[in-house]
1. Out of (1) over 18 Å from I188 (Cα atoms); (2) touching a helix residue (DSSP H, G or I) at 6+ places or on another chain (Cβ under 8 Å); (3) not in a helix (DSSP H, G or I), what's the single condition that is false for Q266?
2. Just to be sure, is T92 surrounded by fewer than 20 Cβ atoms within 10 Å (Cβ to Cβ), farther than 24 Å from D69 by Cβ and not aromatic (F, W, Y)?
3. Within the stretch 46-75, how many residues turn out to be over 25 Å from S292 (Cβ atoms), in a helix (DSSP H, G or I) and aliphatic (A, V, I, L, M)?
4. Restricting attention to the stretch 166-215, which residues are among the small types (G, A, S) and either touching a His at 6+ places or on another chain (Cβ under 7 Å) or not assigned by TED's automatic domain parsing to the domain that holds E288 (or both)?
5. For the stretch 72-85, indicate whether the set of residues that are surrounded by 14 or more Cβ atoms within 10 Å (Cβ to Cβ), modelled with pLDDT under 95 and of a type in the set (D, E, K, R) is non-empty.
6. If we scan the stretch 237-250, do we find a residue that is among the polar types (S, T, N, Q), touching a residue at least 12 places away in the same chain (Cβ under 8 Å) and under 22 Å from V173 (Cα atoms)?
7. Kindly indicate whether any position in the stretch 307-327 is of a type in the set (G, A, S) and buried (at least 24 other Cβ atoms within 10 Å of the Cβ).
8. Does the stretch 369-397 hold any residues that are under 17 Å from Y286 (Cα atoms) and surrounded by 15 or more Cβ atoms within 10 Å (Cβ to Cβ), and which are they?
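The values are calculated or read from the model by the stated rules, or taken from the named source; none is laboratory data. Bear in mind the structure is a predicted one, so any value in this text is a computation, not a measurement. Heads up, the Cβs are rebuilt from the backbone with ideal geometry, glycines too, and the neighbour counts pull from every protein chain shown.
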Amino acid sequence: MRKSRLINSIMLVLILILTGCTSGNKEETKPIEKNTLTSDWKDIEANARGTKVNFYLWGGDEGINRYIDEWVAPRLKEQFGVELKRYPMDATEFINKLMTEKKANKTSGEMDVLWVNGENFKTAKQQELLLGPFTEKLPNFQQFVDTESDDIKYDFGFPIEGYEAPWGKVQFVFAYDSSKIANPPRSIDELQEWVRGNPGKFTYPAPPDFTGSAFVRHVLHEKSENYSAYLNDFDKSLIESESKQVWNVLNDMKPFLWREGKSYPQSISQLEQLYKNGEVWMTMGYDEANASNLIKSGEFPETTKTFILDKGTLANTHFLAIPYNAPNANGALVLINYLLSPEAQLKKMDLEYWGEMMSLSVDKLSDEDKKVMESIDRGRATLSQEELSSHRAPEIGADYVQWLERGWIENVAKK
């Protein structure tokens, strides 16, 4: 009897010990919800201090790279105690990386902040690859951004809903060597005629390259009888009927392009290199101050000027997002908020680094910051803000963009 009670007592003690140990272990090894963010900004800054944030972005522009490495990084470290590491990578690459991690149920990755927009953002949001919504947590977003503007609420027609924050605004321009071209074309029809008269001196990057894809959309913009319809939901019958004119224009140009259209540059960097070498006399891109920047650095000839089409050129906003499995979401928020500060945005406009237009509302800036903005010299080849803003054309929906990119391969590249 006593022996039985003793055994039962020993077993009870062992059970209690084991239960206690198991309970204690559970408490000690409980996974940390790294991306569960407080709404208190002071706590976010405190949690970010002493950490490292990994920023993944396109690395094809030395001015942008220097802006991040030489200007942003030291200030982020000094003011917030956050170390910034830049990783150059194309958006499609890091979106594919995220999709792979999502399928593998990888809850903690390597990327904290991503530079995205357009179809890449749509893919990431639809596949639940992003952390958010988060913009309501950013003091600078709330204070300086026009949150009701369509180009802040929508990215290529796709609702943002707080999953990315606006980093900058750009407008597509064409650059040319004025020592070789007296009067640049001001429409797609005039460009088509110019290309035929100057064989080998024009080309564009092959879609789905971002710049090449935009050039194709400019042809659609001029040839479409109902361009505003492309701002609505995807209509396959519309794009199928109107794209025929687009393919006709591009195929008419093709034999007169650089290398007779048998090959195309694969990126804007390759196109710019052709221009630097004098192989082509025009280049293009989503950065109205880029030509001025490259003149200043000695890479473009001083005779370079820029032009836009009379009917307008595409303008859009680009954004910053946070991956669903960011290892340092607090640090990501601190970085994004700083990049949206008037200090960082005004420096980004300076040709010393980038020369890009800010994403903030000018009306919300202080009088002092407005004066700083007005004093910025955006370079000899940069068109006035008045001329640019009066020729802004809206971007079409991401579904149309993807359809045109696939269509170009089938109807132009393979012809």
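1. Every condition holds for Q266 apart from (2).
2. Considered against the rule, which asks whether it is surrounded by fewer than 20 Cβ atoms within 10 Å (Cβ to Cβ), farther than 24 Å from D69 by Cβ and not aromatic (F, W, Y), T92 comes out as no.
3. Total meeting the criteria: 2.
4. Residues of the stretch 166-215 that are among the small types (G, A, S), as a first pass: 168, 175, 178-179, 182, 187, 197, 200, 206, 212-214.
Selection gives G168 alone.
5. no
6. No; the residues of the stretch 237-250 include none that is among the polar types (S, T, N, Q), touching a residue at least 12 places away in the same chain (Cβ under 8 Å) and under 22 Å from V173 (Cα atoms).
7. First pass over the stretch 307-327, keeping only residues of a type in the set (G, A, S): 312, 315, 321, 326.
The next check asks that each one be buried (at least 24 other Cβ atoms within 10 Å of the Cβ); those that pass are 321, 326.
Scanning the stretch 307-327 turns up at least one residue that is of a type in the set (G, A, S) and buried (at least 24 other Cβ atoms within 10 Å of the Cβ).
8. Within the stretch 369-397, R378, G379, A381, T382, L383, L388, H391, R392, A393, P394, E395, I396 meet the criteria.
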